[in-house]
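Worksheet: one structure, shown below.
The values are calculated or read from the model by the stated rules, or taken from the named source; none is laboratory data. If you're wondering where the values come from, they're calculated on a predicted model, not measured in any experiment. Cβ coordinates were reconstructed from backbone atoms using ideal geometry, including for glycine residues, and neighbour counts include every protein chain displayed. For the accessible areas, the whole protein counts, side chains as well, though only heavy atoms, and no ligand, DNA or RNA atoms are used. Shrake-Rupley method; radii C 1.70, N 1.55, O 1.52, S 1.80 Å.
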Amino acid sequence: EADSDAARRIAALRSVERPLADALARAYERCEAMLASGQLPQKARPAAATSRPPMPPAGRAPEPAGTGIPVDGMLFAHLLKMLESRRAPVREEQQLFDPGTVTPMVPTIGSSELLSILALMQHELQDQSAPQAPGTGSLAERLQREVAANARKLGMGGERLNLGGNDEETLGLMAKLFDSLLENAHFDNRSRRKIDRMLVPFARVAVRDRYMFDTREHPAWRLLNTIAEACSGNNGDGPQERELLDHVDRTIDRLVAEFNEDVAVFETLEQELRAYMGQNRKRFALAEKRAEQARHGRERLESARRTATEELRQRRGERALPPAVGTFLDLHAAHHVTQVILRDGFGSQRYAQAMQAVDGLLLAHDHN
């Protein structure tokens, strides 16, 4: 609290939060083991009282030695009851089995085992030669089914598998985020399959580092935003759009193939894709500019041709010209006048000279 900067205070708390959480978890495990054994460590027991114990009330015999419940024993009994209530849901679930037999435990997948399962799933994605069609149900349901199936491949229990509370919440939250992204954005089926393939690497990052949900500047989020930007509304209609989608394909393939616990690959791929998108935009803008210039040039050419043809038609009038003179006016003179209009404009000096030459030709024809 000596530092008034809230950001530095939060950073300081986060720097010690994980070590303290690990230490506290180990302390809880030791306490539960001690409570379950029914034995308190000697150093936790109060030292023998040096003063004289209190006298019992009149008319009542003193309790035999060792039969009273000391204060620490009462506390220990209370803690045992709390532990019993904490384990109650598990015991209720175990009543489904025959109480006369050994109660089978429903295996719980820890974070390290879950990371191994997700790594196997990512390897299977890398081995797929073509994108798979989306399955039924939400991404959360599909991810849960695939985790269970791959857990059985690794020999982790049978049909029933449990995840730790934090891990289950992390996978569910990541799947819901992907579901929301795919539902709300304008993606075609091809783009949806691309983004769907990134769920497993993103889930691996989230299981290892839950702090990724706290900032939008995490490399994984930046890569996801860049890919979504490249795919949103892009149906691959033009060559530039198809090239961009192909580059997104290669980016996702590299993510699936190269990610192995190091988030630096997300940052590298995001920077490369962002740079390519910048170049793609410049090429697209240049192509559009050139297309616009070409269209404008065609329009000017057609307008100049119409003007030249109409001007020559009016000056020619109803004259019956010889084929050589008519062909000269319709082809060569019309082309020259059109170029003069395009370069110098209608009514320029060169345009007046060209029209003067045409008038001289027609006047010579009239004298003959």
If you take the residues in the range 254-268 that are assigned to a helix (DSSP H, G or I) and of a type in the set (Asp, Glu), which one is most open to solvent (accessible area, probe 1.4 Å)?
Glu258
Could you run through the range 1-23 and say how many residues are closer than 18 Å to Asn166 by Cα and open to solvent by less than 60 Å² (accessible area, probe 1.4 Å)?
2
Do we find a residue being open to solvent by less than 60 Å² (accessible area, probe 1.4 Å), among the acidic types (Asp, Glu) and under 28 Å from Asp366 (Cβ atoms) anywhere in the range 327-334?
no
Is at least one residue of the range 231-248 touching a Leu at 6+ places or on another chain (Cβ under 6 Å) and under 17 Å from Leu115 (Cα atoms)?
no
State all residues of the range 335-362 that are more than 60 Å from the chain's Cα centre (by Cα) and open to solvent by less than 20 Å² (accessible area, probe 1.4 Å); if no residue qualifies, say none.
Val337, Tyr351, Ala354, Met355, Val358, Leu362
Filter the range 296-344 for residues that are among the acidic types (Asp, Glu) and in contact (Cβ under 8 Å) with a residue 24 or more places away in the chain and give the result.
Glu311
Please state which one of Asp214, Asp253, Asp179, Asp237 is on the phi < 0 side of the Ramachandran plot and modelled with pLDDT of 85 or more.
Asp253
Every residue from the range 197-217 that is in a loop (DSSP other than H, G, I, E, B) and either closer than 14 Å to Phe259 by Cβ or open to solvent by less than 20 Å² (accessible area, probe 1.4 Å) (or both)
Arg197, Met198, Asp209
Residue under question is Arg222, and the condition is that it be basic (Lys, Arg), surrounded by 16 or more Cβ atoms within 10 Å (Cβ to Cβ) and touching a helix residue (DSSP H, G or I) at 6+ places or on another chain (Cβ under 7 Å); does it hold?
yes
